[in-house]
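Before any comments, here is the structure.
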Amino acid sequence: GAGVSQSPSNKVTEKGKDVELRCDPISGHTALYWYRQRLGQGLEFLIYFQGNSAPDKSGLPSDRFSAERTGESVSTLTIQRTQQEDSAVYLCASSLWARHNEKLFFGSGTQLSVL
Amino acid sequence: KQEVTQIPAALSVPEGENLVLNCSFTDSAIYNLQWFRQDPGKGLTSLLLIQSSQREQTSGRLNASLDKSSGRSTLYIAASQPGDSATYLCAVQTGANNLFFGTGTRLTVIP
């Protein structure tokens, strides 16, 4: 596609429910990243995929968070048993290759609100 | 751990003024520094990428400089316009998947 697409754009859920967020990267981009942005704060790295290599999950805040990516296509970020502190904008980005000096292209994000 | 700081947190200027946004980072071992723009409800748009071997990059009315040894970068916006109103984020890259972001400067250009 023309850009990185994320869905849904907004998600309101009740505490304790599971949510699934989706990211469609730019076609042909091998690297995919998930970030979290809490209100008034900077972006926090969550997880990174590069082709068929094992993902870097070092940024996932707890075992309630998981992500998958099939090949070089769609990725889903799943949050189980959501908590109020999970409320944030979840941003996905992709780049052609996972190497330095490659520009990242971001989606518009999913605004998650946990009541 | 790399820390990125942006000052000021917010800035308001009248239309037409030139302005400078500041970014500092604690570890000079970086591959590049990027400036992004974020509009409300939208994702980040890459504006400029300065490689560690470069001193500056220019795109239109934007000019970004990098002083790696002192851990500083500036984003200069010439002849500001109301459409420039957004949050500007800088980020330093230290590895393929290591990108450290500042908390941003929220710019308002008053018509």
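The values are calculated or read from the model by the stated rules, or taken from the named source; none is laboratory data. Computed from a predicted structure; not experimentally measured. All accessible areas refer to the heavy atoms of the entire protein, side chains included, with ligands and DNA or RNA removed. Shrake-Rupley method; radii C 1.70, N 1.55, O 1.52, S 1.80 Å.
Side notes on the structure shown:
- Count, lysine Cα pairs under 20 Å in the protein assembly as shown, 8 or more residues apart or across chains: 5
- For chain A, the average shadow cast by the Cα convex hull is 6.7 nm², which is a quarter of the hull's surface.
- Between residue A:80 and residue A:53, the contour length at 0.36 nm per residue exceeds the Cα-Cα span by 7.3 nm.
- C-alpha center-to-center spacing [segment A:29-91, segment B:47-78] in angstrom: 29 Å
- Computed from Cα atoms alone, the Kirkwood hydrodynamic radius reported for segment B:46-87 is 11.2 Å.
- What separates the Cα centres of segment B:20-44 and segment A:1-28 is a distance of 24 Å.
- For chain B, convex hull volume per residue from C-alpha positions, Å³: 93 Å³
- Among the protein heavy atoms, those of residue A:73 account for about 50 Å² of accessible surface (1.4 Å probe, every chain in place).
- Across chain A, Cα pairs under 8 Å and at least six residues apart give a relative contact order of 38 percent.
- Per-selection Rg to Rh, the protein assembly as shown - Cα, Kirkwood hydrodynamic radius: 0.97
- Structural descriptor for chain B: relative contact order 37 percent, calculated from alpha carbon pairs under 8 angstrom and at least 6 residues apart.
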